[in-house]
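Take a look at the structure below.
Every number here is computed from the coordinates shown, using simple stated rules; none is lab data. All values derive from a computational prediction rather than experimental measurement. Counting neighbours? That spans all protein chains shown, and the Cβs are built from the backbone with ideal geometry, glycine included.
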Amino acid sequence: MENKADKIQAYIDGLLTGDELAQFEKWMAEDEELRAEVHAQREVQETIRKRLTSKEDALRANLRQARVGLQTGRKGVVSLYKVYLPVAAAVCLLIFFSIFYLYTDDSYLYDLPAMQSEVVRGQEANVSYENAVQAFNAQSYEEARGILYSLIEADSSVVQYRYYAALTYVGEQNWSQALPELTPIAEGKSIFADEAKYYLALVYHKIDQHEEAKTLLREIPSQGKLGEKAGKLLDVLEK
Amino acid sequence: MHIDQIYIRYLKDNDSKGIQLIYNKYARQIVTLIQRNSGTEDDGYDILQEALVDIYHMARDRDFELTTNFGSFLSLVCKRKWLNVLKKNQRLQVTKATDDLFHIEDHAQQEWEQMLHQVDKENKVMAMLDTLGKSCQEIIKRCLVEKHQEQIAESMGISYAYLRKKKSECMASLVQKIKQSGVF
């Protein structure tokens, strides 16, 4: 089932044709909010594309070099402000978050992610995969794993199948099986590496190998929801 | 064309000698300006760097012509940026009088203001992108720059359909964040 975001993206990417395109354009003509969303998304994409190709990094390198060139021979005095302000800010943040977490339910840290469907416009649905999605999200982990393993057999290069198959063991709390399945994904370079690190850390936590868990959590970048969850789980482990 | 348009050219061309010249000629002036307005020397250099990056984007994307000397224009851009930093850090109680300090009256300067406003908006979009998770950032960046999405999916170890699904999900989440921040 396609949602609104998929349709907007398909429209912007020029993937809607014929009746589908006419239908979407009619919807846009009638719906001001949709029109605004399409416009905003197009503008955001254009901005990002423009900035990514702007060679800003090369300019910044030269600007830094020019600053160094100017300051060479002049040693700045490091003020107390520079040293103590970040420390004070860090202490305040630590106190704030410590208090905050004391009163926050952290059960969601142990939840598995929903398995993502891959039904999109113009692409024939991978029926087996969608069955695995349904089974996984209904917590029928054994069934989902069976389907995923048959997909892995057909194409072993798709990390996404191996990642969700590994998570089925986490869902079953079968830590001894989850560990060897998640480790290569966590050590790899795919887009699932950080998520795999998180769930591998969870497995280590569950089998009381807390140091291994903490090491993995510290490797996860702090941005986004995953970074936030990793930070919170790390706090739980360090309490 | 103003004689100082050459400095804009140095930035646009990322000319290292020209950029060094800009620093040698204007850095002290800007650093002093910031220090006189509650900033440190480092704040001054940071503001100068970010202002020059903004001018680079203005020059690169738009038909930008300097109508005054580069020093005055650079001061204006730096003041504007520094005011935003002070507002953000609440190091300054923003009053009408403060806003008047940076008020732009000249017609040409109003045009610059519009261009700088657009650059600010773009800076905020890029800052929001940095707040997304690593995989979302990678998907959005690669899909917007590289042509062959099937190849992107393959190199990421995911199916093409999954890539498209994630891309639309990540974009929707980014647009949502941007809207909530009031940029659009």
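Details
- Cβ charges +1 (Lys, Arg) and -1 (Asp, Glu), total dipole of the protein assembly as shown, debye: 1960 debye
- Straightening the chain between A:Ser128 and A:Lys55 buys 21.9 nm, computed as 0.36 nm per residue apart minus the Cα-Cα spacing.
- Protection proxy ranking, highest mean first, for peptides B:166-172, A:47-53: B:166-172, A:47-53, where packing is the per-residue count of other beta-carbon atoms within 10 Å, averaged.
- For region A:126-237, the alpha carbon positions stretch 40, 25, 22 Å along the principal axes, listed from largest to smallest.
- Residue (of B:Thr67, B:Asn89, B:His57) at the positive-pole extreme of chain B, dipole from beta-carbon charges: B:Asn89
- Positive dipole terminus of the protein assembly as shown, leading residue within B:Gln137, B:Gly18, B:Leu116 (C-beta point charges): B:Gly18
- Violating pairs (Cα-Cα greater than 26 angstrom) within the set A:Lys50/A:Lys229; A:Lys232/B:Lys165; B:Lys12/B:Lys79; B:Lys88/B:Lys166; A:Lys229/B:Lys166; A:Lys26/A:Lys225: A:Lys50/A:Lys229; A:Lys232/B:Lys165; B:Lys88/B:Lys166; A:Lys26/A:Lys225
- Centroid-to-centroid, using Cα positions, region B:9-87 and region A:114-182 are 53 Å apart.
- As a proxy for reagent exposure, B:Trp112, A:Trp175 were ordered by neighbouring Cβ count within 10 angstrom, fewest first; the result is A:Trp175, B:Trp112.
- Average beta-carbon neighbours from other chains, 10 Å sphere, peptide B:125-134: 5
- Dipole-positive endmost among A:Ala10, A:Leu59, A:Asn174 within the protein assembly as shown (Cβ charges, Cα centre): A:Leu59
- Cβ neighbours within 10 Å from other chains - mean over A:196-206: 0
- Label sites at B:Gln5 and B:Gln118, each approximated as a point 7 angstrom past Cα along Cα to Cβ, lie 1.8 nm apart.
- Counting, for every residue in B:46-59, the Cβ atoms of other protein chains within 10 Å of its Cβ and taking the mean gives 2.
- Simple spin-label estimate for A:Gln71 and B:Leu21 gives 2.4 nm between the two label positions (7 Å along the Cα-to-Cβ direction from each Cα).
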